[in-house]
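Here is the structure we will look at.
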Amino acid sequence: MLRIIQNEFAKILHKVSSLVLFIILLLILIGIPVGSKIIDSIDFSSSYYQDLEQSLEYAKQDSYQDPLYIEQLETAIEIGLTSEEYYGNSWRGRALNQAFQYRYILADEELQKNYPKSDVARMQVWSDALLKYTKADDWKGYYQASRDIAVEGAYYSDHAKNVIVNFYNHLIEEEIAPSESEGMLDTLSTYTNTISEYELMKAKKAAGETIDNEQYKYCETYALTSEYALTHPGIEYVFESDDYYSSASDRYIFTGDSLNSLQNGTLGFTIICILFLIVAGTIVSNEYSQGTIKFLLINPVKRQKIFWGKYTTIIILALGVTLFSFALEFIISGIVYGFHGLTAPLLLIRDGSLQVKSGLFLVFGLYMAQFLQLVIAGTIAFMISSWLRNSGLSIALGVLTYTMGGTVAMLAEALHMDFFRYTIFANLNVPNIVAGIYPFTGMTAGFSATVIIIHMILMLFIARDAFVRKNV
């Protein structure tokens, strides 16, 4: 068996077409992280943000516009904020918006009902302090004022206050300027926007009161993950999205570039699988079209052994392509974005508590799911190749089955053709199945695995029968 596999790999590697396919594979794997880096380096801000003077002019022409909004724009222009600073994530734009947010609350009695009276009484002082440091371009003063606001306010629990204060103290003590901490400040904003509501809903849930489960899940996810990030300043991490996701890659949110780039390598497997189908779809049919099958069968080796040798070659090749893709993407992503980010943890919310897992192991699992998909698609092409003995048809039908299987399953689901869940087409997307995403309601990982195994056995039986029993 080993010698048969060695001979099969020798045939594959000596083909010029194999070299071409390998070069295409390299270009795909290198192009994904490098292309992403190039796109990330392009500055779109100048064309994205509206000019402040123009915004002010439009606001003044609108008779229904809130006077405070006009004052806010005038203040931004007066202190020299650019449109990118005002609309973007700069600390000065953030501070100005926060200062006027307090003024909006003070001007609206209905809004004031959502806040403790003691907080409302201090909002004017808080607003003035934030404006003072914004105008003076004093980011340390902004940190101190923000920290003091959190301590003085009654909106946050003692636990939340402790997290916020320690975070600001870290920024002040380490002298981390806002330009170096925009991501961390965004995380803090996420935390402050969700922690109080999460704690309130958690208390209601414990008391047996009815709550909005979707909102609770949202607040729980972002409150706990952002708290972990604030207590581990500067860390990159991965967490499960609380939103609906349509694919395995949508299920997780990557806050860092390195691991996200490595994960993006799985997106190239659509093309990689098509390239792999070319090999799997010709490994048998080429023997007939090139006339080498006669020389292969005159050897004192049983046909069945040759058949399984060829199929084993496909599986080993699929594993090799997957591991090579992962290793190359790991190296390139590390070079482009930094190797430190590849150790980012995976944060999972389970039963109301935060669990820390390996983000790298998660991404490796996504690659191995792609490997299983390669094996299934390769088995389909291998069966067609053994049955029809025509390279062109084997490749065409294999690629068609792989590329159109998901679309056909979606169409069948839309037409309520429930029986279609028992076909290989509805279970062909292994990464989605692993992520718990199914085309039909009620499907499970165990169900899909059973359907896949049954179809694999059937396809191999057809392929073996065609190879062993048919005359040359």
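The values are calculated or read from the model by the stated rules, or taken from the named source; none is laboratory data. Please read these numbers as outputs of a predicted model, since none were measured by experiment. Glycine gets a Cβ as well: all are built from the backbone with ideal geometry, and neighbour counts include every protein chain shown. Heavy atoms of the whole protein, side chains included, go into the accessibility calculation; ligands, DNA and RNA do not. Shrake-Rupley method; radii C 1.70, N 1.55, O 1.52, S 1.80 Å.
Residues in the stretch 75-95 that are under 31 Å from the mean Cα position of the chain (by Cα) and surrounded by fewer than 18 Cβ atoms within 10 Å (Cβ to Cβ) were compared, and the one that is farthest from residue 130 (Cα to Cα) is 84. Scanning the stretch 444-472 for residues that are open to solvent by 70 Å² or more (accessible area, probe 1.4 Å), part of a helix (DSSP H, G or I) and at pLDDT below 85 yields a count of 1. Scanning the stretch 251-272 for residues that are of a type in the set (Phe, Trp, Tyr) and open to solvent by less than 10 Å² (accessible area, probe 1.4 Å) turns up just one, 269. Candidates are the residues of the stretch 115-130 that are in a helix (DSSP H, G or I) and among the hydroxyl-bearing types (Ser, Thr, Tyr); the one that is surrounded by the fewest Cβ atoms within 10 Å (Cβ to Cβ) is 118.
Every condition in (1) outside any strand (DSSP E or B); (2) among the hydrophobic types (A, V, I, L, M, F, W, C); (3) modelled with pLDDT of 85 or more is met by residue 253 except one, and the failing one is (1). A single member of 65, 112, 98, 72 is without any contact (Cβ under 8 Å) to a residue 12 or more places away in the chain, in contact with a helix residue (DSSP H, G or I) (Cβ under 8 Å, 6 or more places away or on another chain) and surrounded by 14 or more Cβ atoms within 10 Å (Cβ to Cβ), and it is 112. Being open to solvent by 20 Å² or more (accessible area, probe 1.4 Å) and either part of a helix (DSSP H, G or I) or hydroxyl-bearing (Ser, Thr, Tyr) (or both) is a description that applies to residue 133. On the given criteria, is residue 202 in a helix (DSSP H, G or I), among the basic types (Lys, Arg), open to solvent by 50 Å² or more (accessible area, probe 1.4 Å) and touching a helix residue (DSSP H, G or I) at 6+ places or on another chain (Cβ under 9 Å)? Considered against the rule, which asks whether it is in a helix (DSSP H, G or I), among the basic types (Lys, Arg), open to solvent by 50 Å² or more (accessible area, probe 1.4 Å) and touching a helix residue (DSSP H, G or I) at 6+ places or on another chain (Cβ under 9 Å), residue 202 comes out as yes. Looking across the stretch 434-443, just one residue is surrounded by 16 or more Cβ atoms within 10 Å (Cβ to Cβ), farther than 20 Å from residue 315 by Cα and among the β-branched types (Val, Ile, Thr), and that is 437. Residue-level analysis places residue 242 outside the set of residues that are surrounded by fewer than 21 Cβ atoms within 10 Å (Cβ to Cβ), modelled with pLDDT under 90, within 29 Å of residue 322 (Cβ to Cβ) and not small (Gly, Ala, Ser). Among the criteria (1) free of Cβ contacts under 8 Å to residues at least 12 places away in the same chain; (2) open to solvent by 50 Å² or more (accessible area, probe 1.4 Å); (3) assigned to a loop (DSSP other than H, G, I, E, B), the one residue 234 does not fulfil is (1). The residues of the stretch 327-343 that are open to solvent by less than 10 Å² (accessible area, probe 1.4 Å) and small (Gly, Ala, Ser), listed by number, are 333, 334, 341.
For every residue, the table says whether it meets (1) of a type in the set (Ser, Thr, Tyr); (2) farther than 30 Å from residue 311 by Cα; (3) open to solvent by less than 10 Å² (accessible area, probe 1.4 Å); (4) modelled with pLDDT of 90 or more.
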residue	(1), (2), (3), (4)
187	yes, yes, no, yes
196	yes, yes, no, yes
218	yes, yes, no, yes
223	no, yes, yes, yes
238	no, yes, yes, yes
249	yes, no, no, no
274	no, no, no, no
277	no, no, yes, no
286	no, no, no, no
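In the condition set (1) farther than 30 Å from residue 238 by Cβ; (2) touching a Ser or Thr at 6+ places or on another chain (Cβ under 9 Å), residue 379 is compliant with all but (2).
If the condition is being closer than 22 Å to residue 463 by Cα and open to solvent by 30 Å² or more (accessible area, probe 1.4 Å), then the stretch 405-422 contributes only 422. Of all the residues in the stretch 179-199, those that are farther than 20 Å from residue 157 by Cα and either part of a loop (DSSP other than H, G, I, E, B) or of a type in the set (Phe, Trp, Tyr) (or both) number 1. Cβ-Cβ distances below 6 Å connect the following pairs, each with a first residue in the stretch 302-313 that is surrounded by fewer than 21 Cβ atoms within 10 Å (Cβ to Cβ), a second residue that is in a loop (DSSP other than H, G, I, E, B) and hydrophobic (A, V, I, L, M, F, W, C), and a separation of six or more residues or different chains: 309/1.
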